[in-house]
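In what follows, a structure is listed as structure tokens, so that the remarks can point back to it.
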Ligand code: GDG
């Protein structure tokens, strides 16, 4: 494997394994925003991507796809259980999302996390060229920045945190709180979704490690009497808008949107939720509020349908299995109480769909409900806006999402306040077209001007300022 000037490190490689026509193994790039944002620069700067191929015990040689060198990291089944499902998704994920579910603290999980983070760091350190750049992504790999720095002091290191960073009172629960802060501070630039996340991180650094913090700059000890600067600030992530705009303009996608409305019995209003089935997304709060509106007769099943796409997620983690039971019980109670033969209150879809179908759903939806209890950004909100070329449609948006900092013209809600959520749904359902247009134009301007390219460029610019290459 040739050395690369620019190396991305993320838990997953940006590819999915598929079976070819004759049963042979093939890889296809997954349509994530991150690959799209980084692809041009990965090609021009001779880039490599270090990540797990998504299956336990798979030992693969590096391979190339679409001009990007992929460097697979092998994880054993036990490491998947302890590092990924355990420490990442059952310790850090709930702790960093304000303990909506109780975080589990297990010393074996932490040990696996350290071992696996070292494996990723070693792969990155051997792939990166002299004076190159390593960009580490997300909460599964918080120790990697420091580990790469120890192995390769010549390289520039960036880290982006896709999920929230919690207030100090919560963060302090983590038995390994100091190690994690030191791990992150190995980066030259530590990027967060919201200004608030960066502030919480800097507070933890000051309180736990007693390092000097001035504005967004931290003085990190780097040798006897020496310090280096690490910068922590917000870089709100966005979407690759082009494919959403393009799909939304296709006649066949528009025809599909019309067909969806038809097949739901032509309700006057379609409400939509699109989430991974995750306890952070506030799906239960949304369904409760909607169910109460139907029960009280403020909404009628002939006039409205809520389409809820809940794509399967982390099904081997107990909290997710319980959540699924809870949501499915709530949905079937409401449907049982309210449905008629021709109309359903909630069309619940526990499935993943191709992007074309998602865009058709966005086009069909008069109201988009994003009611997360905590969410780093929430890209679904931005995707919905990108598809609304006619400036129609209403976004109901939780103030606990990163997106709420930017999308000021949405109907804002506190999802814990069920009465407030009900009023917000009613406001959205009855919003006059002129008011929809006024808000949607402003929202579209914001999303189209700040797309994922703007995000990655601003992060890389900050990296250049701290550590000129
Ligand atoms: C994390 C942070 C942050 C969902 N179901 C289907 C499907 N999706 C797509 C959506 C969207 C993406 O998955 C979900 O992104 P979100 O941002 O909404 O949420 P997380 O997965 O929790 O992502 C989050 C993000 O990282 C980026 O930094 O915004 O806060 O939690 O793109 O459209 N896509 C398709 N079929 C589905 O069934 N094709």
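Just so you know, all these numbers are worked out from the coordinates, no wet-lab data involved. All values reported here derive from a predicted model rather than from experimental measurement. Don't worry about glycine lacking a Cβ; one is built from the backbone with ideal geometry, like all the others, and counts go over all protein chains shown.
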**Message:** Tell me the residue from 141, 185, 151 that is within 16 Å of the ligand (Cβ to nearest atom), under 20 Å from residue 122 (Cα atoms) and in contact (Cβ under 8 Å) with a residue 12 or more places away in the chain, please.
**Reply:** 141
**Message:** List the helices (runs of 4 or more DSSP H) inside the stretch 310-402, counting only whole elements, that have at least 3 residues being within 13 Å of the ligand (Cβ to nearest atom) and touching a helix residue (DSSP H, G or I) at 6+ places or on another chain (Cβ under 9 Å).
**Reply:** 355-364, 379-387
**Which listed residue is farther than 27 Å from residue 58 by Cα and surrounded by 20 or more Cβ atoms within 10 Å (Cβ to Cβ), from 92, 100, 163** = 163
**Prompt:** Pick from the stretch 100-135 the residues that are under 20 Å from residue 64 (Cα atoms) and part of a strand (DSSP E or B): which of them is nearest to the chain's Cα centre (by Cα)?
**Reply:** 135
**Asked** Is there a residue being within 19 Å of residue 243 (Cβ to Cβ) and surrounded by fewer than 16 Cβ atoms within 10 Å (Cβ to Cβ) anywhere in the stretch 399-416?
**Response** no
